[in-house]
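The values are calculated or read from the model by the stated rules, or taken from the named source; none is laboratory data. Since we're looking at a predicted model, the values are computed, not measured. Positions of Cβ are generated from backbone atoms using ideal geometry, with glycine treated the same way; all protein chains shown enter the neighbour counts.
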Amino acid sequence: MVEVAVPVPVDETFDYALLDGETAEPGVRVLVAHGGRRVVGVVVATKPSTAARARGTLRAVLQVLDQEPVLPLALLEAVLRVARDALCPPGIALAAAIPPGTAARPGTKVTLLPAGLRALERGEVRGMLGKVLWSLGRRARSESEIRARFPAAVAALERLERLGFLSRQPGTDPPRVRPRTERVYRVAQGLDRALAEQSLARAPKQLALLQALGSAPAPARSTPALRALVEAGFVICEERELVRGSPGEPLLPSEAAPELTPHQRVALGEIAAAIDARRDRQFLLYGVTGSGKTEVYQRAAEIALRNGRSVIVLVPEISLTHQVVDRFRARFGDRIAVLHSGLSAGERFDQWRLIREGRVPIAIGARSAIFAPYTDLGLIVIDEEHDGAYKSDEGFRYHAREIARVRAERAGCPLVLGSATPDVGTAWRSAHGELQRLSLPERVASRPMPTVEIVDMASPSARGPKRGMLSRPLRQAIVETLAAGQQTILFLNRRGFAAHVYCFSCGFALRCRHCDISLVYHASEGPRRIDDPLEGELRCHYCGYREDPKSSCPSCKSPEGGMQAFGTERLDEEVAAAFPSARVGRLDRDTSKRKGAQRGILAAFHRGELDILVGTQMVAKGHDIPNVTLVGVVAADLGLHFPDFRAGERTFQLLTQVAGRAGRGLEPGRVVLQTFLPQHYAIALARTHDYPRFYREEVARRRPHGWPPFNEIVHLAFSGKRARAVEHAAVTLTGLAKTCLQDDTGSEGVQVLGPAPAPLTRIRDEFRWQLLLLGPREGVRAVARELVRQAHGPAFAGVTVRVDANPMQML
Ligand code: ADP
Ligand code: ZN
Ligand code: ZN
């Protein structure tokens, strides 16, 4: 008997019987019947049949789909454990850990019956029916294959079945994604070449071919001459598996590893000791940008490899060419599998198999590379561990760091989390002894940190008379940079939530008086009334508090409230007008929609064909361009008004990252931060690159509200086509949550916040509400489980409920 996790939204596994003589280890996929359908599930445990949970007869596994487990046992167990924590059904979590499209699919087999054959022979069926029947031939075919050829065949198949001309039976279709093979040819071993060539004297084509072929298998075009050589036994033809998606030539010249700095040596020593001793230690490698973290990762990876063990390196998905990936390729060559979102399903599958078969010891990639199926891990590295991209926001809402932690624990290997601006939660756990902190406090080769200048936009002399987006000091800095033949990045952290909430004249922003979270403007439904510019309302999407929009800025009284539109496009125009001879490129969501455009603009900037790059968060990370000596941040405080308790943390991280782009080469870098809030800790401390103090301030701010890391959050999102039904579900389930708290079922200390409309109130015609549970780890989960159970009831038909434990964003 086997216990199977099926990919359906229920928090249970199910038992099935195996046929006599069949076996299926944990991690093997099986086809089973569930809820009136056939689905592909994953075996999570095998049990003696006496332990049957279900009364009555146990249903049988319809088909065992794998000979070998797709997931190693330790990985399977890690996924299940994190799934429990993430409130995700086990089958859905496991499906996320397996490369998509690689399982056989439930399908229907169609077979031509003797009556059908007779009818065909007598010419009794014509038109579409005839075509479909003809296409069947002698052997059984899969229905989806027939439908792919004849899209209109569904009705025809049903009619032909009723006529008794064909039969339809449950079966399986082959996986969509399969290994791809190619034919390769080589001269047969032990062939007497001279003799063979003599015998081909009358066949010059064959002779030439044979002479060209070697004893190493090579692909060749299948010609009659080649087939004749194979027929004669002179040449052997074999199928060879292709590996799709292997990275091309390394972009960087392969260089020798540098001598480590004393700080790097200390950090590496600690990590190396844990690798050698097979200890599951967690390290926070805290080092400013350019302090040599990547070098430490690489050295540690070498040590793991020397011990015969494998390595996973995670990088945030920034763009297809991430410099950490390039540098690993430069050092480790083809011992690397690269997994990123730009791969096709086939490429992903082939890279995955290289790992599964132990053919490459290093897997490097974005979030989902944490599922790399190694059985002998010696090291896991997460670079830029604070990055939000490590949290999945659909299906299995896991954080790669959590999977990494459990895998490292099982494998007995260290986990290294690297960052210049660690996640506040990570720093908290480090302060409480869960992680060991390793510091790289200086840039390599004593390169100076960039100087950061803060421009107070509230000061009239700095802002200038025109009230444009560029202050006088920033303009001056651009002039100087252009004159020196160096490059500038101008960064505008513009996200849609500042409308009607943030004043670009004075920097004032409206916040909730209960939660200290920025309010969000919601336009009213229906057509906009011209006589009422103030339609809509401002809401706190944490607690639901609301107020009316203001006609003028409450602080500076500027009539439009300065709450006008401003974006990269306007910035681009202003820059072009101010510096007519400069070559300016823009990088934002508009330009990156065109495929390849983003890469093209970046590449041009890399080659020095652009003087100024204007852009959104995309310009912030990862690009290491020596000639960039000036980075300007147009509105450093804008991110502080993002409706999230992490707004301060995100702003500090972003400003530090952006500043890190300046002065990567020999020339010292310079950063100009324009802001209305020069004293705000997230901005003032970014100027001095002072993470430790930022961390203390941030924690002190969160404490009174009980935000994480003091508590955990579970976010419940309600969505559906009917606005009323969604609101009703949100309100009713909030009531239920409050009853849960009174009933005291392990939910002490849990707070219910909301319900409130989601900041993005409407997406693709779905209305969205939300509810937050804030409190101790187990408590918030207990309440959330109960609410999800209730939400499946008929009273909430048409409303989808999604749960996210420890959300990174709540939009
Ligand atoms: P980080 O990952 O912390 O931003 P990097 O590893 O990218 O830092 O290092 C910054 C630069 O310094 C890189 O160009 C790298 O090649 C170089 N570097 C790293 N370690 C050393 C070292 N010990 N000696 C000389 N150069 C080094
Ligand atoms: Zn509030
Ligand atoms: Zn104002």
For segment 733-750: of the residues being among the polar types (S, T, N, Q) and buried (at least 17 other Cβ atoms within 10 Å of the Cβ), which is modelled with the lowest pLDDT? S747
Just give me the residues in segment 56-74 being acidic (D, E) and either over 17 Å from P174 (Cα atoms) or surrounded by fewer than 14 Cβ atoms within 10 Å (Cβ to Cβ) (or both), in sequence order. E68
Any chance you could count how many residues in segment 537-553 are acidic (D, E) and surrounded by fewer than 17 Cβ atoms within 10 Å (Cβ to Cβ)? 2
Given the criteria among the basic types (K, R), within 33 Å of the chain's Cα centre (by Cα), away from ligand 1 (no atom under 16 Å from the Cβ) and at pLDDT 70 or above, does R546 qualify? no
I'd like the full set of residues that are β-branched (V, I, T) and over 30 Å from A805 (Cβ atoms), limited to segment 340-394. V360, I362
Any residue that is farther than 30 Å from L773 by Cβ, basic (K, R) and in contact with a Leu (Cβ under 7 Å, 6 or more places away or on another chain) - is there at least one of those in segment 652-669? no
Can you work out which of the residues in segment 492-523 that are outside any loop (DSSP other than H, G, I, E, B), within 16 Å of ligand 2 (Cβ to nearest atom) and modelled with pLDDT of 75 or more is farthest from A659 (Cα to Cα)? Y521
Residue by residue through segment 445-483, note down the ones that are of a type in the set (K, R), away from ligand 3 (no atom under 16 Å from the Cβ) and not in a helix (DSSP H, G or I). R447, K466
If Q770 passes every condition in (1) buried (at least 19 other Cβ atoms within 10 Å of the Cβ); (2) in a helix (DSSP H, G or I); (3) in contact (Cβ under 8 Å) with a residue 60 or more places away in the chain but one, which one does it miss? (2)
How many residues are basic (K, R) and in a helix (DSSP H, G or I) when one looks only at segment 276-308? 3
If you check H641 against the conditions, is it of a type outside the set (D, E, K, R), within 16 Å of ligand 2 (Cβ to nearest atom) and modelled with pLDDT under 85? yes
Step by step: first the residues of segment 15-27, then only those that are within 32 Å of the chain's Cα centre (by Cα) and surrounded by 21 or more Cβ atoms within 10 Å (Cβ to Cβ), then the one that is modelled with the lowest pLDDT. Which residue is that? A24
Can we say R81 is buried (at least 21 other Cβ atoms within 10 Å of the Cβ), at pLDDT 90 or above and within 27 Å of V803 (Cα to Cα)? no
Cβ contacts < 8 Å: first residue without any contact (Cβ under 8 Å) to a residue 24 or more places away in the chain, restricted to segment 535-551; second residue among the hydroxyl-bearing types (S, T, Y) and within 16 Å of ligand 3 (Cβ to nearest atom), any location; separation 6+ or different chain. Result? E537/Y521
Being out of contact with any helix residue (DSSP H, G or I) (no Cβ under 8 Å at 6 or more places or on another chain) and touching a residue at least 12 places away in the same chain (Cβ under 8 Å) is the filter here; which residues of segment 140-157 pass it? A140, S142, S144, E145
Among the residues in segment 699-717, are any at pLDDT 90 or above, of a type in the set (A, V, I, L, M, F, W, C) and surrounded by fewer than 16 Cβ atoms within 10 Å (Cβ to Cβ)? yes
Out of segment 283-308, which residues are of a type in the set (A, V, I, L, M) and closer than 22 Å to S430 by Cα? L284, L285, V288, V296, A300
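Rundown of residues vs (1) crowded, with 19+ Cβ neighbours inside 10 Å; (2) of a type outside the set (A, V, I, L, M); (3) modelled with pLDDT under 95, yes/no style:
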position: E402; (1), (2), (3): yes, yes, no
position: G412; (1), (2), (3): no, yes, no
position: L415; (1), (2), (3): yes, no, no
position: A420; (1), (2), (3): yes, no, yes
position: V424; (1), (2), (3): yes, no, no
position: A427; (1), (2), (3): yes, no, no
position: S430; (1), (2), (3): yes, yes, no
position: E442; (1), (2), (3): no, yes, yes
Report, by residue number, each residue of segment 705-753 that is of a type in the set (V, I, T) and over 18 Å from H792 (Cβ atoms). I713, T745, V750, V752
Can you find even one residue in segment 738-760 that is away from ligand 2 (no atom under 16 Å from the Cβ), small (G, A, S), part of a helix (DSSP H, G or I) and free of Cβ contacts under 8 Å to residues at least 40 places away in the same chain? no
Let me confirm something: among R176, R186, R147, which residue is among the basic types (K, R), part of a strand (DSSP E or B) and within 46 Å of the chain's Cα centre (by Cα)? R186
Which of the following residues is in a helix (DSSP H, G or I) and within 19 Å of the chain's Cα centre (by Cα): L76, L129, L133, L94? L94
Six or more apart or on different chains, Cβ atoms under 6 Å: show the pairs whose first residue is in segment 34-58 and within 23 Å of P69 (Cβ to Cβ) and whose second is at pLDDT below 90 and surrounded by fewer than 16 Cβ atoms within 10 Å (Cβ to Cβ). L58/A52
Taking Q351, is it over 30 Å from M449 (Cα atoms), among the polar types (S, T, N, Q) and more than 16 Å from ligand 2 (Cβ to nearest atom)? yes
Got a sec? Which of R329, R353, R278 is buried (at least 20 other Cβ atoms within 10 Å of the Cβ), of a type outside the set (A, V, I, L, M, F, W, C) and in contact (Cβ under 8 Å) with a residue 60 or more places away in the chain? R329
Determine which member of the set E442, E409 is part of a helix (DSSP H, G or I) and touching a residue at least 24 places away in the same chain (Cβ under 8 Å). E409
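Being under 30 Å from A427 (Cα atoms) and out of contact with any Asp or Glu (no Cβ under 8 Å at 6 or more places or on another chain) is the requirement here; does G233 meet it? Don't jump to the end; show me each part of the working.
On the way: under 30 Å from A427 (Cα atoms): no; out of contact with any Asp or Glu (no Cβ under 8 Å at 6 or more places or on another chain): yes.
No; evaluated as a whole, the condition is false for this residue.
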Which is in contact (Cβ under 8 Å) with a residue 24 or more places away in the chain and farther than 30 Å from A153 by Cβ, of A104, A24, A119? A24
In this structure, does R221 turn out to be surrounded by 11 or more Cβ atoms within 10 Å (Cβ to Cβ) and assigned to a loop (DSSP other than H, G, I, E, B)? no
